[in-house]
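The block underneath contains the structure these notes are about, expressed in structure tokens.
Only the coordinates and a few stated rules stand behind these numbers; no lab work does. Being a predicted model, the structure only gives us computed values, none of them experimental. Cβ placement follows ideal geometry from the backbone for every residue including glycine, while neighbour counts extend to all protein chains displayed.
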Amino acid sequence: MIIFQILMCILILIAAPLCMGMAVVSGLKVRSLFFALSFGYLVMMVSFEIVTVPILLLTEYANFHYVLFIYTPIMLAISVFGVIRALKTGFLKESVQKLNNSFAGIVSSKEKLVVWGLAGALLIVILVLTLTRVIFDGDDAYYVVQSLIAQQKGTMYSSNPYTGRAAAIDMRHALAVFPMWIAYVATVTNIHATALCHSVLPIVFIPLTLIVYGQTGALLLKDKNKDKEKKELTGYFLLFIELFILFGRVSLYTPEAFLMARTWQGKSVAANVLLPMTFLVLWVVYSYESAEDADPALIRRAWVLVAIINASAGIFSSLAVVLTCVIICSGGALMSFLKWRSGARDRGSEPARFAWRPFLYSCICCIPGILYMLLYLYYTYFGWRS
């Protein structure tokens, strides 16, 4: 049974997100398995949200089994499509080769080996402390219990987690269906939802957070002259991030406290994965927008990543929807300004004439978030059944 649970966790929490991420990023120039894995989680969340929210709003009582039967084949189909697309575009071969070259470069350099070894050791310390020093959080009584009720009773947000009695759906939390995703993973892997939250998800989301920050550091610390990453500086960057995680719990509301004490809550994933991923993807989009030989088709594909980020925010928190909209529109406005400034000397040049395009694309990418907020307002104040 334990072997089956471990294998299912690997399939659901590693293999499936990786394949789903390759379905989206394979057409881009981003040749990284880590980027595909981290973004694959957002693809998984978007597809799960699209399936679960209509079922939640349009059906009653024992409706969780609909999610199991509908979402599972969709997840498998996207994963298979991702593998086929990665093989067809050469993404898988190039990314594996790049990973091997990076590993060989780290092993061949004593400084890189020491730095990355320390980063790996500190990650192990963080995970051991998280798993052995259980930190109580009052929100567990709501979020974890909602996942457990869905797993054991098959109902979504139809029971009061504090009393166990039937209750009207609380729209403040209902559209953020991240607890239902946890219930889905717990059901598929045959692991108790509480054990999954406290013992499995920290092992997944803490390294995932470091993967996102590692990719961000690799871009920020890239050698502009040689156009390659400085691996030793990226290792130092991760060391500092890990130290912040270890000693950043100066209050209950810091991102580090959310990551360590509330790993299994949607607002924790939003603060530590979604928002940094938003900045990372905007950086990737800007690199395409500012390139001299910019390909319009490639730029549009890159903006699709931004739209997926905005669409995935709703599964974590309603506040995350607002924050991603603000960040995306601000990023688009900044890109438009930089594009206009680069072509300001020649008013007839393409950068000047199309300077408005990034801001327009950023506004279009926020449409899923706007629809989410309208749906939230409608069901909260007008259309919900009592």
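With unit charges on the beta carbon (Lys/Arg positive, Asp/Glu negative), name the residue among 181, 52, 113 whose Cα is farthest towards the positive pole of the charge dipole of segment 2-381.
Going by the Cα projections, it comes out as 113.
How many nm separate the modelled label positions at residue 3 and residue 29, each set 7 Å beyond the Cα in the direction of the Cβ?
About 4.7 nm separates the two model spin labels.
What FRET efficiency comes out for the pair residue 370/residue 98, r = Cβ-Cβ distance, R0 = 51 Å, nearest 0.05?
The value I calculate is 0.85.
Give the peptides 187-199, 259-271 in descending order of average Cβ contacts within 10 Å, highest first.
259-271, 187-199
Can you compute the charge dipole magnitude of the chain about its Cα centre, using +1 on each Lys and Arg Cβ and -1 on each Asp and Glu Cβ, nothing else charged? Give it in debye, rounded to the nearest 20. Before the final figure, lay out each step's value.
On the way: 30 positive and 20 negative charges, 130 e Å.
It works out to roughly 620 debye.
Taking the Cα of residue 363, stepping 7 Å toward and past its beta carbon, and measuring to each backbone N in segment 294-312: which are under 17 Å?
307
How far apart, in nanometres, would the label points at residue 10 and residue 166 be if each is projected 7 angstrom from Cα along the Cα-to-Cβ direction?
So the label points at residue 10 and residue 166 sit 4.4 nm apart.
Got a sec? Charge dipole of the chain, +1 on Cβ for Lys and Arg, -1 for Asp and Glu; which of 241, 372, 161 is way out at the positive end?
It is 241.
Work out the FRET efficiency for residue 132 and residue 152 from their Cβ-Cβ distance, taking R0 = 30 Å, and round it to the nearest 0.05.
Calculated transfer efficiency: 0.65.
Note down the Stokes-Einstein diffusion coefficient of the chain in µm²/s, whole number, using a Kirkwood radius over alpha carbon pairs, 20 °C, and 1.002 mPa s.
97 µm²/s
About the Cα centre of segment 1-104, what is the dipole size in debye to 20, counting +1 per Lys and Arg Cβ and -1 per Asp and Glu Cβ, all else neutral?
Working: 6 positive and 3 negative charges, 116 e Å.
Here the size comes out at about 560 debye.
Please give the contour-minus-distance gain from residue 61 to residue 291: 0.36 nm per residue of separation, less the Cα-Cα distance, rounded to one decimal in nm.
That works out to 77.5 nm of additional length.
From Cα pairs below 8 angstrom and at least 6 apart in sequence, can you work out the relative contact order of segment 2-381, rounded to a whole percent?
Averaging sequence separation for qualifying contacts and normalising by length gives 16 percent for segment 2-381.
Roughly how big is segment 73-174's charge dipole about its Cα centre, with Cβ charges of +1 (Lys, Arg) and -1 (Asp, Glu), in debye to the nearest 20?
Its charge dipole is roughly 400 debye.
Around residue 373, with a cut-off of 15 angstrom between Cβ atoms, what is the net charge of the other residues, counting Lys and Arg +1 and Asp and Glu -1?
Counting the neighbours of residue 373, the net charge comes to 0.
Please give the FRET efficiency for residue 77 paired with residue 337, using the beta carbon to beta carbon distance and R0 = 35 Å, rounded to the nearest 0.05.
0.30
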